[in-house]
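What follows is a short report on a single structure.
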Amino acid sequence: MLRRGFKRTGRHVLSFVHDQYALLFLSFGLGLKQFYLCTYLIDFRWYEHYRRCAFLGFVTAALIFVPLYFAKKRKILYAQILATFMAVLMVIDTVYYLYFSSLPSVGVLSFAGQTGDVFSAVLPYIKWWLILYFADIILLALVQKKVQVFVEKQKEKFFVHNKYKWMPIMATASFIIAALYVGLPQGMGQLGIIWNGGFDTLDNAKYYNVLMSQGIDLARNINQEMTRLSSDDQKMLKEWVKLNKPTQTTSDLFGVANGKNVIMIQVESLSSFVINQTVNGKEITPTLNDLSNTSRYFPNERFIIGAGHTSDTDFVVNSSYFPMSDASVFVRYGNSDFSGLPKKLVQNGYSANVYHAYKRDFWNRSQAFKSLGYQEYYAQDNYPKGWSINMEGLNDGDFLSKTANYIKSQSKPSLSYIITLSSHAPFSVNKHTKSLGLNISDYPDQVGGYLEDINYVDRVLGEFFDKLKADGLYDDSLIIIYGDHTPVLPAFKAGSISFDPNSGQNDEVPLIIKIPNDTAGKVYPNQGNHIDIMPTVFDLLGVKTDQLMFGQSLFASKENALRTCANQIPVFSDKNCDAALNEERFESSQIIKYNQFSNI
């Protein structure tokens, strides 16, 4: 009886294979293409990412062809069309990765009509071997008739009439179970984070493979496009802005930097506790120490980040809006019509450019920076290759040196927004960064590495300033330097530093503002938040605006300044702090979520 059952099941399986051979062959071919992308092309950092991406590539390929298992007519034709479409997508993914070291997102593809200027640069990456992505489709077309004749003959031996209908369902269930088995422990645990906060498509691929991560990106964009604010809610939002928006805060310094260049430098993980401190008998940040003593220095400035981490700082300082706790603004709403610093300055005759030697589409920055109004984004693909540390981008020394050349060539006046990288976690060191002479093992986890790395960044900032001086740009520019957020470090004591993560030190980053031709240093303790940087720039440049800003000029007099609450955040109303902040955060999120920037 058991033997007869196995034999019958075997005939069912063979009958299923006979009918579905084309789908099985093409889905296996698509799996191989994704296996190549995951294991030979994409440079994931950990083996576990390779393994999960590659395995889920085969599972995803199988699931893509599942609906055709149930087709009764033109099954093979539909399978060939689907396979051709997927092969074209694999070619796009490959060429895009070879050029940008990233994977395209739906937002990036929406700008496909604007890529003519980079076609000549991409052309060398269109290789002859890309035709291999179509090899399985071509092979099937060549042998299809012979295989069909063979299958028809074999059916007489193995076909079991209407007894194998359950096989497609069983195959589908097996693929889904396999996907859940691999994805559930880590990938499924990341789904909420990726859906709301998100990273770029390449980073998501380490959890979900290439095609699945692009599918998530597509679903997320469709969901965003389908989300609308009712007309009544729009009216309520406009009324709230009309009643609550304060007039632009200005100061006695209004227009002191009128018509000057603006250079904003966002230093990765720069915390206040290293400024004007020593370790091993050496200054940790001698360049920033000197600058803080001759500039306007805010030693205890606060930062605000949400689900978007560093990208939230990009958004906050360039828009003076609040970040969102459940989503990265750049990733989820990066194609919105943001109001902000670069857009306003471009209207006032400035050129506006971003510089960051990392992956162009990480945090969806390429698209989000366009939405903010930046005219050009100089990313990793615009810089020469060189050594890296902690992350996979170019070291800050070579990055800042090349950036100084770019700034020199921009039309003036210019806004230059610079994002450094070398002091990013996990704070490892190499021969270029080990200048303090620390024995890393003498310090708690990552502390020694952080001190060496931030010292290195300070040193190359000094070299960057020297280039600006040589080019006549230093004295003619409004220079703003701040940390994006504090590093995650344990409590420690080293040299003159005593750091406690449970104290206010964990919320404080330095902000240094060098006003052109002003060398009179002044300290502003316990004042300011990242949300105030944009209004402060407008104040110093003498730019008037009536746009909604949730921050204020840091130099506003007591008579003109708004009341501040937790984390030194200004508030509009006379309600208690919690109520006022909650209200402003909510209205800010409504404007962002429903893209109401131009409607208020």
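The values are calculated or read from the model by the stated rules, or taken from the named source; none is laboratory data. Note that the coordinates shown come from a computational prediction; the quantities given were computed from them, not determined experimentally. Cβ: placed from backbone, ideal geometry, glycine included. Neighbour counts: every protein chain shown. Accessible surface is based on the protein model in full, side chains and every heavy atom, while ligands, DNA and RNA are left aside. Shrake-Rupley method; radii C 1.70, N 1.55, O 1.52, S 1.80 Å.
For this structure, a couple of remarks:
- Entry remark, region 237-247: residues being in a loop (DSSP other than H, G, I, E, B) and either among the acidic types (Asp, Glu) or modelled with pLDDT of 95 or more (or both) number 0 in total.
- Members of region 501-542 found to be closer than 23 Å to ARG563 by Cα, under 30 Å from the mean Cα position of the chain (by Cα) and assigned to a loop (DSSP other than H, G, I, E, B), listed by number: GLN527, GLY528
- Set side by side, the residues ILE222, ILE305 differ, and just one is open to solvent by 40 Å² or more (accessible area, probe 1.4 Å), in contact with a Pro (Cβ under 8 Å, 6 or more places away or on another chain) and modelled with pLDDT under 95, which is ILE305.
- Residues within region 430-456 that are part of a helix (DSSP H, G or I), touching a residue at least 12 places away in the same chain (Cβ under 8 Å) and not hydrophobic (A, V, I, L, M, F, W, C), tallied: 7
- Selection of region 327-359 for residues being among the β-branched types (Val, Ile, Thr), closer than 15 Å to PHE597 by Cα and not in a helix (DSSP H, G or I) yields an empty set.
The rows are residues; the columns are (1) of a type in the set (A, V, I, L, M); (2) closer than 23 Å to ILE418 by Cα; (3) more than 30 Å from the chain's Cα centre (by Cα).
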residue: ASP233; (1), (2), (3): no, no, yes
residue: MET236; (1), (2), (3): yes, no, yes
residue: LYS242; (1), (2), (3): no, no, yes
residue: LYS245; (1), (2), (3): no, no, yes
residue: PHE254; (1), (2), (3): no, no, yes
residue: ASN261; (1), (2), (3): no, yes, no
residue: MET264; (1), (2), (3): yes, yes, no
residue: SER271; (1), (2), (3): no, yes, no
residue: ILE275; (1), (2), (3): yes, yes, no
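- If you check GLY281, GLY255, GLY259 for being in contact with a Gly (Cβ under 6 Å, 6 or more places away or on another chain), surrounded by fewer than 17 Cβ atoms within 10 Å (Cβ to Cβ), modelled with pLDDT of 90 or more and not hydrophobic (A, V, I, L, M, F, W, C), only one passes: GLY255.
- The set of residues in region 548-562 that are polar (S, T, N, Q) and either crowded, with 20+ Cβ neighbours inside 10 Å or not in a loop (DSSP other than H, G, I, E, B) (or both) comprises GLN552, SER553.
- Scan of region 61-85 for residues that are in a helix (DSSP H, G or I) and over 36 Å from the mean Cα position of the chain (by Cα), ordered by number: LEU68, TYR69, PHE70, LYS75, ILE76, LEU77, TYR78
- Scanning region 586-600 for residues being open to solvent by 20 Å² or more (accessible area, probe 1.4 Å), outside any helix (DSSP H, G or I) and out of contact with any Lys or Arg (no Cβ under 8 Å at 6 or more places or on another chain) gives a total of 1.
- Taken together, the residues in region 439-464 that are of a type outside the set (S, T, N, Q), in contact with a strand residue (DSSP E or B) (Cβ under 9 Å, 6 or more places away or on another chain) and open to solvent by 10 Å² or more (accessible area, probe 1.4 Å) amount to 3.
- Among residues of region 484-532, those that are open to solvent by less than 30 Å² (accessible area, probe 1.4 Å), of a type in the set (A, V, I, L, M, F, W, C) and under 22 Å from PHE427 (Cβ atoms), counted: 6
- Flag for ARG365 being in contact with a His (Cβ under 8 Å, 6 or more places away or on another chain), open to solvent by less than 20 Å² (accessible area, probe 1.4 Å) and touching a residue at least 24 places away in the same chain (Cβ under 8 Å): yes
- Any hit, region 563-585, residues being open to solvent by less than 10 Å² (accessible area, probe 1.4 Å), in contact with a strand residue (DSSP E or B) (Cβ under 6 Å, 6 or more places away or on another chain) and in a helix (DSSP H, G or I): yes
- Taken together, VAL17, VAL66 contain a single residue that is modelled with pLDDT of 80 or more, more than 14 Å from MET90 (Cα to Cα) and surrounded by 15 or more Cβ atoms within 10 Å (Cβ to Cβ), which is VAL66.
- If you go through region 360-386 and pick out every residue that is assigned to a loop (DSSP other than H, G, I, E, B) and either closer than 26 Å to GLN347 by Cα or touching a helix residue (DSSP H, G or I) at 6+ places or on another chain (Cβ under 8 Å) (or both), you end up with 9.
- Matching residues, region 310-326, being touching a Gly at 6+ places or on another chain (Cβ under 8 Å) and surrounded by fewer than 24 Cβ atoms within 10 Å (Cβ to Cβ): MET324, SER325, ASP326
- Residue match in region 245-266 (condition: in contact with a helix residue (DSSP H, G or I) (Cβ under 6 Å, 6 or more places away or on another chain) and closer than 30 Å to ASP203 by Cβ): no
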